Amino acid sequence: MAMSKSRRFSLYYFSSPQSFYPLAGALQPWFAALAVLLCAVGLYIGFFVAPTDATQGEVYRIIFIHVAASWMSMFLYLVMGFWSGVGLVLNTRLSSMVATALAPTGALFTFLALWTGSFWGKPTWGTWWAWDARMTSELILLFLYIGFMALQSAIDDQRRADKAGAVLALVGTINIPIIYFSVKWWSTLHQGASVSLTSAPTMAKTMLLGMLIMALGFWMYSIAATLARVRCVILERERHTDWVEAEIGRQTT
Amino acid sequence: MIRALAWVLRRDLLLAFRRRGDVVNALVFFVIVVSLFPLGVGPEPNQLRGMAPGVLWVAALLACMLSLARLFAPDHQDGTLEQMLLAGEPLVVLVMGKVISHWLVSGLPLVLIAPLLGLQFDLPGNALAVLGVSLLLGTPVLSLIGAVGAALTLGVRGSGVLVALLVLPLFVPVLIFGAGAVGATVAGTGAEAHFLLLGGFLALSVVLAPWACAAALRIAME
Amino acid sequence: MNWGSWQNFVAMGGYGFYVWGAYVVTLIALVAEIVGLIMRRRGVIERLAKYYAARRRNNESEA
């Protein structure tokens, strides 16, 4: 067999917890820095560039974090579903660990979407909670996240927890469009002419730009937080290995 | 395969028949919960008529969920479930049999009793019929989705409440269109769209849920 | 967007409570998550260090 000098680099190298751990540690500060930068730019645009809205006045500025948070809440659930599905089908431990690490951040953004939506709704709609399609769907999404986390924490056997969570996440992923469609139908029916709580009637280019940049910033934040969390998860789950013992030894000297 | 399905059906129905008390309890729970609402909000007929579809449907959801504890847990405890997994028959078929028998024992009684309870809420005749049909289409979906939740939480501590947490969000579309069908009938607009959608949910869950449930059972038992 | 003065900025056209209520809670939540992660990492390292030390002592006492 001919000996080749160069080793073929494969991304699959990083599918083991041991190799992913240092990679995550190296990448995490970069994503954190990107998050801070993008959020700073986004907030600047949101508060100092975007003009006052004609109908809603200044209160519409909540949109910059509300929309970003709700996009993240949806996106992270799909990513969580994807990785836990990969872990279920390919039987890879790391994918399941990433899915577990994504959940709390996703749930947090869902809560923030609800909170900011509520604070936007009170002055514009007059109530702290309006049963409109977006808010109600976000509420159900929060329940789906909590269910996923509750199921995983209730099961003692780690592999079973991973796989059961994966089935639940996949079932949830299939259901999300159905739930959203149902809630949207229910909401338009019961509120007559539907004015979405979250629509800013006229979207100036700067408003859209601010929203997008904040969403990107939240995305970078999510990646940084998930990388940090998955490192903790890896240490906890791989504690029986030599490399973790060595790593802990390095951290405590 | 049909023989395996028939065997599971016959066994489950026989066992349910021997423990008639469990079945009746769930039904009584449904009746009591429905009767609580007027006591809570007052007997004014217009208000009750407006509330009725939602109240009856939510109570049906809760009753179905309570009965999920009986779906796999007893078989798991006495080892039958393990035998089912080891059997040559496709697990999906056996799961389907269990879900059908669960529906016959827990869902169908609700379908039959709910119109009677609808009278307590002063629902008109056509609305009562629509209530029955909507539950007829919807309760199998509840059994199917509920089975996935029951399989995922098999043997887990605190599984009773956990199952509720897992499946109730997934029940929401069925609730919306089931109660919506009755509401639409009361309001005078038709319920055809609702029935079509409920039928669609039923078709989708018949195809997907047994498969997810079988996967969840294997995960729980390995 | 020229706010004119700090007071105008904080007041947000009369909607200050709502705008800052939303933004401040978001900031608190994200900071709380970050702090939580830092504490979790420290906790894991501490706990595992104790676990390894105990295991070493156990092995030595058996050897």
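The values are calculated or read from the model by the stated rules, or taken from the named source; none is laboratory data. Remember, it's a predicted structure, so these values are computed and weren't measured experimentally. Backbone-built Cβ (ideal geometry, glycine too); neighbour counts: all protein chains shown.
Listed here are the residues, each with its yes/no results for (1) over 25 Å from residue C:17 (Cα atoms); (2) at pLDDT 95 or above.
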site: A:90; (1), (2): yes, no
site: A:97; (1), (2): yes, yes
site: A:105; (1), (2): yes, yes
site: A:110; (1), (2): no, yes
site: A:136; (1), (2): no, no
site: A:151; (1), (2): yes, yes
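Please count how many residues of segment B:43-65 are of a type in the set (D, E, K, R) and in contact (Cβ under 8 Å) with a residue 60 or more places away in the chain. Steps first, answer last, please.
Start the filter on segment B:43-65 by keeping residues that are of a type in the set (D, E, K, R), which leaves B:44, B:49.
Add one more test, that the residue is in contact (Cβ under 8 Å) with a residue 60 or more places away in the chain, and what stays is B:49.
Result for segment B:43-65: 1.
Quick check on my filter: what residues within segment B:182-200 are touching a Leu at 6+ places or on another chain (Cβ under 8 Å) and within 12 Å of chain A (Cβ to nearest Cβ)?
The one that is touching a Leu at 6+ places or on another chain (Cβ under 8 Å) and within 12 Å of chain A (Cβ to nearest Cβ): B:198.
Considering B:27, B:14, which residue is crowded, with 16+ Cβ neighbours inside 10 Å and either under 21 Å from residue B:108 (Cβ atoms) or in contact (Cβ under 8 Å) with a residue 24 or more places away in the chain (or both)? It would help to see each step written out before you state the result.
Details: B:14 fails: crowded, with 16+ Cβ neighbours inside 10 Å.
Only one candidate qualifies: B:27.
The conditions are (1) more than 20 Å from residue B:95 (Cβ to Cβ); (2) more than 12 Å from every other protein chain (Cβ to nearest Cβ), and residue B:175 fails exactly one of them. Which is it?
(2)
Might you check whether a residue that is assigned to a helix (DSSP H, G or I) and at pLDDT below 95 occurs anywhere in segment A:50-59?
So the first thing to find is which residues in segment A:50-59 are assigned to a helix (DSSP H, G or I), and the list is A:58-59.
With the extra rule that they be at pLDDT below 95, the set shrinks to A:58-59.
Yes, there is a match, as at least one residue in segment A:50-59 is assigned to a helix (DSSP H, G or I) and at pLDDT below 95.
For segment B:178-207, which positions are more than 26 Å from residue B:93 (Cα to Cα) and β-branched (Val, Ile, Thr)?
Across segment B:178-207, the qualifying residues are B:182, B:185, B:186, B:189.
Got a number for residues in segment C:6-26 being part of a helix (DSSP H, G or I), within 8 Å of chain A (Cβ to nearest Cβ) and not hydrophobic (A, V, I, L, M, F, W, C)?
Narrowing segment C:6-26 to residues part of a helix (DSSP H, G or I): C:6-14, C:16-26.
Still in the running and within 8 Å of chain A (Cβ to nearest Cβ): C:9, C:12-14, C:18-19, C:21-23, C:25-26.
Within this subset, residues satisfying the condition of being not hydrophobic (A, V, I, L, M, F, W, C) are C:13-14, C:18, C:21, C:23, C:26.
Number of matching residues: 6.
Residue check: is residue B:208 within 26 Å of residue A:149 (Cβ to Cβ) and in a helix (DSSP H, G or I)?
Values: within 26 Å of residue A:149 (Cβ to Cβ): yes; in a helix (DSSP H, G or I): yes.
It is true that residue B:208 is within 26 Å of residue A:149 (Cβ to Cβ) and in a helix (DSSP H, G or I).
Restricting to segment B:76-96, count the residues that are farther than 18 Å from residue B:152 by Cα and among the small types (Gly, Ala, Ser).
Residues that pass the stated criteria total 2.
Tell me which residues, restricted to segment B:155-170, are touching a helix residue (DSSP H, G or I) at 6+ places or on another chain (Cβ under 8 Å), surrounded by fewer than 24 Cβ atoms within 10 Å (Cβ to Cβ) and facing chain A (nearest Cβ under 10 Å). Talk me through it step by step, then tell me what you get.
First, pick out the residues of segment B:155-170 that are touching a helix residue (DSSP H, G or I) at 6+ places or on another chain (Cβ under 8 Å): B:155-160, B:162-170.
Right, trim to surrounded by fewer than 24 Cβ atoms within 10 Å (Cβ to Cβ) and you get B:155-160, B:162, B:164-165, B:168-169.
Result: B:155, B:156, B:157, B:158, B:159, B:162, B:164, B:165, B:168, B:169.
Name every residue in segment B:64-97 that is among the small types (Gly, Ala, Ser), surrounded by fewer than 20 Cβ atoms within 10 Å (Cβ to Cβ) and not in a loop (DSSP other than H, G, I, E, B), in order of residue number.
So in segment B:64-97, the residues among the small types (Gly, Ala, Ser) come out as B:67, B:69, B:73, B:79, B:87-88, B:97.
Subset that is surrounded by fewer than 20 Cβ atoms within 10 Å (Cβ to Cβ): B:69, B:73, B:79, B:87-88.
The answer is B:69, B:73.
Across segment A:232-246, what is the number of residues that are among the charged types (D, E, K, R) and either more than 10 Å from chain C (Cβ to nearest Cβ) or in contact with a Pro (Cβ under 9 Å, 6 or more places away or on another chain) (or both)? Give the derivation first.
Here is the first cut: in segment A:232-246, the residues among the charged types (D, E, K, R) are A:236-239, A:242, A:245.
Checking which are either more than 10 Å from chain C (Cβ to nearest Cβ) or in contact with a Pro (Cβ under 9 Å, 6 or more places away or on another chain) (or both) leaves us with A:237-238, A:242.
The number of residues fulfilling the criteria is 3.
For segment A:82-196, list the helices (runs of 4 or more DSSP H) that sit wholly inside it and hold at least 1 residues that are of a type in the set (D, E, K, R), at the interface with chain B (Cβ under 9 Å from one of its Cβ atoms) and buried (at least 18 other Cβ atoms within 10 Å of the Cβ); which are they?
On the way: elements: A:93-125, A:133-154, A:158-191.
Where helices (runs of 4 or more DSSP H) fall fully within segment A:82-196 and carry at least 1 residues being of a type in the set (D, E, K, R), at the interface with chain B (Cβ under 9 Å from one of its Cβ atoms) and buried (at least 18 other Cβ atoms within 10 Å of the Cβ), they are A:158-191.
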